[in-house]
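Since the structure comes first, as structure tokens, the remarks are kept for the end.
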Amino acid sequence: MSAIVAIVGRPNVGKSTFFNRLIQRREAIVDAVSGVTRDRHYGKSDWNGKEFSLIDTGGYVVGSDDIFEQEIDKQVELAIEEADAIIFMVDVESGVTGMDEDVSKLLRRVNKPVFLAVNKVDNAMRAEDAVEFYNLGLGDFYTLSSINGSGSGELLDAIVKVLPEVEEEESNLPRFAVVGRPNAGKSSFINALIGEDRYIVTDIAGTTRDSIDTKYNRFGFEFNLVDTAGIRRKAKVKEDLEFYSVMRSVRAIEHSDVCLLLLDATRGFDGQVENIFWLAQRNNKGIVILVNKWDLVEDKETNTIKHYTDKIKKAIEPFTDVPILFISVLTKQRIFKAIETAVEVYNNRNIKIPTRKFNDTMLPIIENYPPPAYKGKFVKIKFCMQLPTPYPQFAFFCNLPQYVREPYKRYLENKLRENFNFSGVPISVFMRKK
Ligand code: GDP
Ligand code: GDP
């Protein structure tokens, strides 16, 4: 879990250039491991050892140049509600625009840290032009060039200084987050779980101002439900924007151990649902897919569930070892099963395989089908172990780790999944030099 920094500003000021500069290095590593495409507007970064999540809110707003003022307002409002710090980016080339003034008006009222970043200051002459941004009434500003990187260090120094310290979660109960597109039935699902107050044990203040963990004792299970501002308390802006639900998902996912990804059966597992799925996967969270509103699907022949399941699995390749349940919040069908499955996934995510047992299982499999020779060289894997990380990661020690290609790592992952139960849990396989 990390603090969230949001970048706001009108189109073309350089938000995504800056965003890419900050996340590129890290994401490149993550991509190499997971081999999946990523959401371009959300990523992790760190500065001086402090990790934070970065969101380019502009990436979620439709219509680039001819953007409606109203969209900008929503973008800013969201950042205000969800982020721990806000970077307001403006462009020295165009100077102060009316839209910048409007955004400033919103930001002046906020009591979260706002950093005015004057971008495209590629040289000293432009630094002088930047002074006009004092007129925005936001106080001091930082000048930077997202293209050549100058100035970004000072800005980041200042930002990480104000980010809240994120403590380790204290509770060792499973932490579940209910995520999905607007109207998937998330609030209904949560209400079905918590509708009766007697199941609520306590409200624990979350690690950040905006989140509340609520402890439940239901169906014989104890768990914390991660609630971000507004899932229950319906937000003042209706969750009509895709962007809105993505922001909420980001926060909920980061707080959780297992994500219950709800989708509307009548709408299917579309690109937006898929984005949320990969967000959870990339954060190494457990995942249970809940196809909700199954009561609305009329043609329920024996094959309907199978076809639906196959379609989802196709979309989430290669990470297909994920439970998929067909539920109805309305009729309470399989709600219990959903929680039960989430608890199982939670337990799978916490499996610690003893090193001896792991080697006894994996080494014969490797011997049977060793990594293919590469450039005439043979790779010998001698030893393997689960790493002592909060979610399952595995290291295979060998003479030439750089020669082991992605397909073989995937083979190892598949064998791992065949021999141990990691259903619903993203796992990482690393080759290390021995
Ligand atoms: P966004 O719409 O705010 O995300 O803006 P983009 O990141 O897409 O940038 C818009 C344009 O400004 C692109 O052509 C960038 O190459 C350019 N740009 C971004 N940062 C800088 C910079 O620091 N200096 C200069 N000269 N151009 C920049
Ligand atoms: P959220 O935006 O994801 O929180 O979705 P809501 O919980 O507000 O639900 C959106 C709509 O779907 C509401 O009208 C719900 O009554 C309806 N809904 C939720 N679950 C089901 C279900 O299982 N079956 C049917 N038929 N409708 C449902």
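Quick note: the coordinates plus some simple rules give every number you see, no bench work behind them. Since we're looking at a predicted model, the values are computed, not measured. No Cβ is skipped: glycine too gets one built from the backbone with ideal geometry, and neighbour counts run over all protein chains shown.
The gain in end-to-end length when the residue 310 to residue 391 segment is fully stretched comes to 26.5 nm, 0.36 nm per residue minus the alpha carbon separation.
Gain on full extension, evaluated as 0.36 nm per residue between residue 337 and residue 299 minus their Cα-Cα distance, stands at 11.4 nm. Separation of the alpha carbons by more than 20 angstrom is noted, of 186/300; 377/415; 186/293, for 186/300; 377/415. Spherically averaged projected area of the convex hull of Cα atoms, the range 271-379: 10.7 nm². Straight-line cross-link reach from residue 15 at under 26 Å between alpha-carbon atoms covers these lysines, not counting any fewer than eight positions away in the same chain: 44, 50, 74, 105, 112, 120, 161, 238. The peptide list 279-286, 413-420, put in order of mean Cβ contacts within 10 Å with the highest first, becomes 279-286, 413-420. Think of the range 355-433 as a dipole: +1 on every Lys or Arg Cβ, -1 on every Asp or Glu Cβ, centred on the Cα centre; then among 400, 424, 412, 400 lies furthest on the positive end. Phi angles of the range 87-92 translate, via the Karplus equation with coefficients 6.51, -1.76, 1.60 and θ = phi - 60°, into HN-Hα couplings of 9, 9, 9, 10, 10, 5 Hz per residue; Gly and Pro are given as x.
Model label points for residue 369 and residue 110, set 7 angstrom from Cα along the Cα-to-Cβ axis, are 5.1 nm apart. Residues whose amide H comes within less than 5 Å of that of residue 146, counting only those at least five positions distant or on another chain, are 120, 121 (H built at 1.01 Å from N in the peptide plane). Would you mind telling me the antiparallel percentage of the DSSP bridges in the range 355-433, rounded to 5? Counting DSSP beta bridges with both partners in the range 355-433, the antiparallel share is about 50 percent.
Structural size metrics of the range 355-433, computed from C-alpha coordinates, are Rg and Dmax of 12.1, 38 Å. In this simple spin-label model, placing a label point 7 Å from the Cα along the Cα-to-Cβ direction at both residue 140 and residue 161 gives a separation of 0.6 nm. Given R0 = 30 Å, the distance between the Cβ atoms of residue 12 and residue 417 translates into a calculated FRET efficiency of 0.10.
The 3J(HN,Hα) values that the Karplus relation (6.51, -1.76, 1.60; θ = phi - 60°) gives for the range 342-348 are, in residue order, 4, 5, 4, 4, 4, 5, 4 Hz. Gly and Pro appear as x. Length available on full extension from residue 94 to residue 172: 0.36 nm per residue minus the Cα-Cα distance, which gives 22.9 nm.
Over all other residues within a Cβ to Cβ distance under 15 Å of residue 288, the charged ones net out to +3, with Lys and Arg as +1 and Asp and Glu as -1.
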